[in-house]
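Worksheet: the structure to be examined is printed underneath.
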Amino acid sequence: MSSVLEQKEAHQANGVVVLPIVAVPVDCLASPDRQQLVEPSEFLEPAGVEVVVLESRANAKGVREEDALLENGSQSNESDDTSTDQGPEPASPLKETSFSIGLQVLFPFLLAGFGTVAAGMVLDIVQHWDVFKYVTEVFILVPALLGLKGNLEMTLASRLSTAANIGQMDTPKELWRMITGNMALIQVQATVVGFLASIAAVIFGWIPDGHFSIGHAILLCASSVATAFIASLVLGMIMIGVIIGSRKMGINPDNVATPIAASLGDLITLALLSGISWGLYKELEDKPYVNPLVCVFFIALLPLWFIVAKRNPVTREVLYSGWEPVVIAMAISSVGGLILDKTVSDPNFAGMAVFTPVINGVGGNLVAVQASRISTYLHMSGVPGESSEMAPRKCPSPCSSFFSSDVNSRSARVLFLLVVPGHLVFLYTISSMQGGHTTLTLIFIVFYMTAALLQVLILLYIADWMVHWMWGRGLDPDNFSIPYLTALGDLLGTGLLALSFHILWLIGDRDTDVGD
């Protein structure tokens, strides 16, 4: 008995409780809900006293809570057994090292960057088409419609990534409900945002010149609505496939979904806008009824998508509450489009057309990844609006956002360090393809990199503040943060790039060869 008491005292000192139990069968001792530090047989003495060593409930609860915050949410259905003989678990996005984050983000980031380079090359070519020359308001549509990847596709990717990470897409029924509801939702949002973007383009084009053409206004409406609808349909289906594939391959969807959405989003959207607006412009004189019919057709489909999204509990709330960020983001992007419209035709700003989608796209891609990661991190602690130790600050300091040991600070550093090498690769690609009608001098690269670094630095800091602030107010960051952040990326990128071009023109460093 003295040896038992000594063992009891030793285990109590180690934070466990020793409970003597008389004549308890061994199979009861092996119950899976009892966390055992030693085998029961070690305490089954012939004298008949059987002792079970259990961890204290407080320690067990602490371990479970810590695991719930650190482990991937999709593992919530696994056993709570914390013994050391567990098999290997899937990689958790919140246990990633800087190297693993960078490795997972690098390929999608480069893919997205080359997509923006391709979009820039397309814009560099189509800016000389008649529709862009005579209906210059189309340039105002470019950032607004390219921004749909941030307003809709990236928001969809972030929303589905979070759902996948916390186990809400594990069964076929849940998966199908997520797909149908979200696809109907983005069609509603795309149609409405496309229509509002055309109105903004007409207003921003009319204010400086005082000239209004009803034919051009209908052309802008038809082009914008058709482009937004088709692009969102295609990209939404691709996003769903990417997220499902990522989960099956053991890759964190937060790291790959949003960049891939961006890589295809810019190119597909700009190609559709150019082709549709060019085709409708050709029909403007001979068949003026075509443009109104296109507008009516896509707007008439709105009630169908609205009913599908409303009947789905997954998207019902977003259908009513998710309009504010989408509409405001569209307006912010349209201001960037106004800057592009006023600079792209100026010989002193040669190259703006090809570089604008690149700098805007890279900044938007990186901040979308960060916002999606922070949102997933917070969702693992509870629901928006709940007080949580994981969202303690309302206005973080730059040091805490970039230099702390926090996992989100680590990812911010990794994403920021990708800016310079990424842009160097993209600038070299543009130069090799002889795009932009401009020579890449050292001073140009310095000014361009300064603008790109400043843009991403501001965006990452705003993302850290905005996501936590929205979470504290009970707003889901997956639905509200990314539209604002990507729209700010468009505005900052276009504005800083135009400022860099203007400074370079003032100091006489612009060596241009503007073609027709």
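Here are a few things to note about the model shown:
- Electrostatic dipole magnitude of the stretch 123-241 [Cβ: Lys, Arg +1; Asp, Glu -1; Cα centre; debye, to 20]: 300
- Surface accessible to a 1.4 Å probe, residue 346 within the full protein complex, Å²: 50
- Ligands, DNA and RNA are left out, and with a 1.4 angstrom probe the accessible area of the stretch 400-445 is 46 Å² per residue.
- Charge dipole magnitude, Cβ of K and R +1, D and E -1 - the stretch 240-346, Cα centre, debye nearest 20: 540
- If the Kirkwood radius is taken over C-alpha pairs of the stretch 164-254, then at 25 °C and 0.890 mPa s the Stokes-Einstein diffusion coefficient equals 159 µm²/s.
- Alpha-carbon centroid distance for the pair the stretch 161-209 / the stretch 337-374, whole angstrom: 21
- Cα shape, the stretch 311-460, gyration tensor, a/c 1.5 rule: oblate
- Protein heavy-atom accessible surface, 1.4 Å probe, per residue over the stretch 125-197: 29 Å².
- Cα gyration tensor shape of the stretch 458-503, rounded if a/c is under 1.5, else prolate or oblate by comparing a/b with b/c: prolate
- Rounded to whole numbers, the Karplus 3J(HN,Hα) couplings from phi for the stretch 164-170 are 5, 5, 9, x, 9, 10, 7 Hz, using 6.51 cos²θ - 1.76 cosθ + 1.60 with θ = phi - 60°, and x at Gly and Pro.
The values are calculated or read from the model by the stated rules, or taken from the named source; none is laboratory data. Since this is a predicted model, take the numbers as computed values, not measurements. Cβ coordinates were reconstructed from backbone atoms using ideal geometry, including for glycine residues, and neighbour counts include every protein chain displayed. These accessible areas exclude ligands, DNA and RNA; they are computed on the full protein's heavy atoms, side chains included. Shrake-Rupley method; radii C 1.70, N 1.55, O 1.52, S 1.80 Å.
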